[in-house]
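Visitor: Provided herewith is a single structure, encoded as structure tokens, for subsequent inquiry.
The values are calculated or read from the model by the stated rules, or taken from the named source; none is laboratory data. No experiment lies behind these values; they were computed from the predicted model shown. For neighbour counting, all protein chains shown are included, and Cβ atoms are generated from backbone atoms with ideal geometry for every residue, glycine included. Note: areas computed on protein heavy atoms with side chains; ligands, DNA, RNA excluded. Shrake-Rupley method; radii C 1.70, N 1.55, O 1.52, S 1.80 Å.
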Amino acid sequence: MEQFKSFSQYILQIGYKYGLHSVFDDFLEMVVCALSLGAKEDRYHEIVRNYEKPDAYLMAEAFGSLVIEMDNNGDGLKDGFGDFYMEYLSYGRNGQFFTPEPICDMMARIVNPAGFGERVADCCCGSGRMLLAAAKINRNSLFFGADIDRTCAMMCLINLCLNGLLGEVCWMDTLMNRFYGGWRVELHPEKAVPYIREITKEESYLVLRLPEKKEEIVKKQISAAGVFQQLLFEF
């Protein structure tokens, strides 16, 4: 009987042939496409064509292993990517050290041990560990994550969707309020299961509308100043 391979073993095996960083990013995007329930099928085929057929099958097996590992003996809410990403891809560059899961659990309980409200947000979500910790207290919240690193945003997105947590994840610079891409995990209108839908900047809840409002206020101030100067001149 063939020995069970972990998710990391599959990705390392494929990565040895094609390059680990590109394989991992391709895997994440393929999973996002698969969880989009047909909406991103063309993109999925575009990616998978870059791999020989046996390696494409290995990608599918890696996904199966990931789901089994994330099941966490029936408890779920386990980060399927963070440790792998730190050990084999980021090496701590750009300060990408994710908070250990037990610490996330402790922090979630300290912040609100009685249970979270309707919305939980993490503006530097990494692989989504803090959101998963919050879900252990209240799965019925809406979860919002953002990260400047696209790979991190996709890890968080998949972690939410595979755990049936609804909300939004954006690839964006939250400090500068710059939006690069985003997705929402919603219940499918027909199949009634969580799925991923790509969203625009205008649809995002995480993008602040302050810059547009500020521009509107500035225009009003300039206009008011012009009127004031005209009154002074006439006086």
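Visitor: Take GLY74 and tell me if it is at positive phi and at pLDDT 90 or above.
Guide: Judged against the criteria, GLY74 is not a match.
Visitor: If GLU118 satisfies every condition in (1) at pLDDT 90 or above; (2) more than 19 Å from LEU66 (Cα to Cα); (3) surrounded by fewer than 24 Cβ atoms within 10 Å (Cβ to Cβ) but one, which is the exception?
Guide: (1)
Visitor: Sticking with this structure for a sec: Restricting attention to the stretch 3-45, which residues are under 24 Å from HIS188 (Cα atoms) and acidic (Asp, Glu)?
Guide: Hits for the stretch 3-45 are GLU29, GLU41, ASP42.
Visitor: Please determine, by comparing only the residues of the stretch 163-192 that are open to solvent by 60 Å² or more (accessible area, probe 1.4 Å) and outside any strand (DSSP E or B), which one is nearest to LYS78 (Cα to Cα).
Guide: ALA192
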